[in-house]
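Please read the structure below before turning to the comments.
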Amino acid sequence: MNVPNLLTLLRLLLIPCYVWSFYATASPHKIVALCVLLFAGLTDVLDGYIARTYKLETYTGQLLDPLADKLMMVAVLFTLIASGRVPWLVAGLLVLRDVLMILGAAFFYFQGKRAVPKANVWGKVTTCFYYLAICSSILAWPTIQSGEMVLWFTVGLSYVTTIRYVLSMEIIAVRRRVY
């Protein structure tokens, strides 16, 4: 257990905090929930930076970090759907993309291989737009519809980013084959 993994575990613990703060606030402007989400995003940035900078990358971290990201995304989308701020189709398309990515990684894993996407600016831009859309939707600012429009743009951008990742992905063999 190291600092990046502890930050990832903290992010997992922030998921129920986010959900509670979203529903505990009567105001349509869910500022506390947004602060929890942004803090979780900060821990994500920090754990990745610390792990890479100080060579503290672990197999546990490689598994838990994306899991924490996906679970937080599902929690956020669930609250936004349940509150009528985001349509099911938008959320469904985002979740579908992630499910396909997970299934693809699992396919290679069970073949004894590992798919290694190369990070690029598209992923960072997509993440920025995702957070912008979520912030706008959570705060209902300037309107609920504005967050939805940015989220639709983000859905399209996320699929373009995924295609770019897949095309630049390196498939490497790992030491043992898993059955």
Report summary line: Those residues of the stretch 129-173 which are free of Cβ contacts under 8 Å to residues at least 60 places away in the same chain and aromatic (Phe, Trp, Tyr) amount to 129, 130, 153, 165
**Report entry** Residue ranges of helices (runs of 4 or more DSSP H) in the stretch 1-111 with at least 1 members farther than 25 Å from residue 158 by Cα and among the aromatic types (Phe, Trp, Tyr)
**Finding:** 3-24, 59-82, 88-110
Query raised in the report: Given 51, 115, which one is touching a Gly at 6+ places or on another chain (Cβ under 8 Å), open to solvent by less than 40 Å² (accessible area, probe 1.4 Å) and assigned by the TED database to the domain that holds residue 169?
Result: 115
Query - Scope the stretch 136-148; condition surrounded by fewer than 13 Cβ atoms within 10 Å (Cβ to Cβ) and in a helix (DSSP H, G or I); matching residues - result: 145
Query raised in the report: Given the structure, is residue 91 small (Gly, Ala, Ser) and crowded, with 19+ Cβ neighbours inside 10 Å?
Result: yes
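Per-residue answers, yes or no, for (1) on the phi > 0 side of the Ramachandran plot; (2) of a type outside the set (Asp, Glu); (3) over 13 Å from the mean Cα position of the chain (by Cα):
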| residue | (1), (2), (3) |
| --- | --- |
| 101 | no, yes, no |
| 114 | no, yes, yes |
| 122 | no, yes, yes |
| 129 | no, yes, no |
| 132 | no, yes, yes |
| 140 | yes, yes, yes |
| 149 | no, yes, yes |
Query - Lone unmet requirement of (1) at pLDDT 90 or above; (2) crowded, with 19+ Cβ neighbours inside 10 Å; (3) out of contact with any Leu (no Cβ under 6 Å at 6 or more places or on another chain) for residue 65 - result: (1)
Report task. Could you pull out the residue among 126, 79 that is open to solvent by less than 30 Å² (accessible area, probe 1.4 Å), hydroxyl-bearing (Ser, Thr, Tyr) and in the same structural domain as residue 18 (by the TED database)? Result -> 79
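The values are calculated or read from the model by the stated rules, or taken from the named source; none is laboratory data. Because the structure is predicted, anything quoted here is derived from the model rather than measured. So basically every Cβ, Gly included, is an ideal-geometry build from the backbone, and we count neighbours across all protein chains shown. The protein model used for the area step is the full one, side chains on, heavy atoms only, and it has no ligands, DNA or RNA in it. Shrake-Rupley method; radii C 1.70, N 1.55, O 1.52, S 1.80 Å.
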